[in-house]
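Peer 1: After the structure tokens below, expect a handful of questions from me.
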């Protein structure tokens, strides 16, 4: 068999990153092996190192891809207000969408267990900051303003409620986490507008 063309290599690399972004959100960073990823894209395990120097490199790239995909999703979604974001983010549909759901909530516990020098930590932190900036923008604050403590508290409530709702899915408390956070965030949004 001949070698893959440069274009095919680029398509394969992109497919590996995209698939990894989904699998890492579904199963966690340490819940997916290189073999799992390569099998999911229909390539051999040995081909991995033709694309990446290590799984650490792929984790960072996949995290960044998931964050970029979320930015693209929100840009195309029509979500234009903080309250619309809250309703979407704290919905049962989003709770149940691990593979294409929020990277911040999906990878938080995995990233905190990674040593500080791992590249995924930097990619994740950039993603958290992008999400905080989105909250600033959706609430009509100055476009380039730094997130305030209020924005950071809102982000913590969004991600925390989603994580708890996912972890308790199947019990009535799961819906209660979503609804309690939603009601509280809507109230803080109303207070801010006054």
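The values are calculated or read from the model by the stated rules, or taken from the named source; none is laboratory data. If you're wondering where the values come from, they're calculated on a predicted model, not measured in any experiment. Reconstructed Cβ throughout: ideal geometry from the backbone, glycine too, with neighbour counts over all protein chains shown.
Peer 1: Could you tell me which of the residues 68, 56 is within 21 Å of the chain's Cα centre (by Cα), under 17 Å from residue 123 (Cα atoms) and at pLDDT below 95? Lay out the reasoning, then the answer.
Peer 2: Values: 56 fails: at pLDDT below 95.
Step by step, each of 68, 56 is checked, and only 68 is within 21 Å of the chain's Cα centre (by Cα), under 17 Å from residue 123 (Cα atoms) and at pLDDT below 95.
Peer 1: I'm checking my understanding of the structure. Among residues of the stretch 135-157 that are crowded, with 16+ Cβ neighbours inside 10 Å, touching a residue at least 24 places away in the same chain (Cβ under 8 Å) and in a helix (DSSP H, G or I), which one is nearest to the chain's Cα centre (by Cα)?
Peer 2: Among them, the one singled out is 155.
Okay, residues lined up against (1) surrounded by 15 or more Cβ atoms within 10 Å (Cβ to Cβ); (2) more than 26 Å from residue 57 (Cα to Cα); (3) within 12 Å of the chain's Cα centre (by Cα):
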residue: 80; (1), (2), (3): no, yes, no
residue: 84; (1), (2), (3): no, yes, no
residue: 106; (1), (2), (3): yes, no, yes
residue: 115; (1), (2), (3): no, no, no
residue: 118; (1), (2), (3): yes, no, no
residue: 121; (1), (2), (3): yes, no, no
residue: 166; (1), (2), (3): yes, yes, no
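Peer 1: A further question follows. Residues to consider are 41, 32; find the one that is at pLDDT 95 or above and under 25 Å from residue 114 (Cα atoms).
Peer 2: Details: 41 fails: under 25 Å from residue 114 (Cα atoms).
Just one listed residue meets the conditions, 32.
Peer 1: Go through the stretch 24-55 and give me each residue that's in contact (Cβ under 8 Å) with a residue 24 or more places away in the chain, in contact with a helix residue (DSSP H, G or I) (Cβ under 6 Å, 6 or more places away or on another chain) and closer than 23 Å to residue 70 by Cα.
Peer 2: Listed by number, the residues that qualify are 24, 25, 28, 29, 41.
Peer 1: Any residue at all in the stretch 62-72 that's touching a residue at least 24 places away in the same chain (Cβ under 8 Å), assigned to a helix (DSSP H, G or I), in contact with a helix residue (DSSP H, G or I) (Cβ under 6 Å, 6 or more places away or on another chain) and more than 30 Å from residue 175 (Cα to Cα)? Talk me through it step by step, then tell me what you get.
Peer 2: Filtering the stretch 62-72 down to residues touching a residue at least 24 places away in the same chain (Cβ under 8 Å) leaves 62-67, 69-71.
From the residues that got through so far, the ones that are assigned to a helix (DSSP H, G or I) too are 62-67, 69-71.
This time we only want the ones that are in contact with a helix residue (DSSP H, G or I) (Cβ under 6 Å, 6 or more places away or on another chain), so: 62-67.
Still in the list and also more than 30 Å from residue 175 (Cα to Cα): none.
For the stretch 62-72, residues touching a residue at least 24 places away in the same chain (Cβ under 8 Å), assigned to a helix (DSSP H, G or I), in contact with a helix residue (DSSP H, G or I) (Cβ under 6 Å, 6 or more places away or on another chain) and more than 30 Å from residue 175 (Cα to Cα): absent.
Peer 1: Picking from 127, 101, which residue would you name as being within 21 Å of residue 27 (Cα to Cα), crowded, with 17+ Cβ neighbours inside 10 Å, at pLDDT below 95 and within 15 Å of the chain's Cα centre (by Cα)? Outline the logic, then answer.
Peer 2: Values: 127 fails: at pLDDT below 95.
That would be 101, the only listed residue that is within 21 Å of residue 27 (Cα to Cα), crowded, with 17+ Cβ neighbours inside 10 Å, at pLDDT below 95 and within 15 Å of the chain's Cα centre (by Cα).
Conditions tested, residue by residue: (1) closer than 23 Å to residue 158 by Cβ; (2) at pLDDT below 95; (3) assigned to a helix (DSSP H, G or I).
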site: 19; (1), (2), (3): no, no, yes
site: 37; (1), (2), (3): no, no, yes
site: 60; (1), (2), (3): no, no, yes
site: 74; (1), (2), (3): yes, yes, yes
site: 83; (1), (2), (3): yes, no, yes
site: 107; (1), (2), (3): yes, no, yes
site: 115; (1), (2), (3): no, no, no
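Peer 1: Residues in the stretch 158-168: is at least one free of Cβ contacts under 8 Å to residues at least 60 places away in the same chain and assigned to a loop (DSSP other than H, G, I, E, B)?
Peer 2: Yes, that holds for at least one residue.
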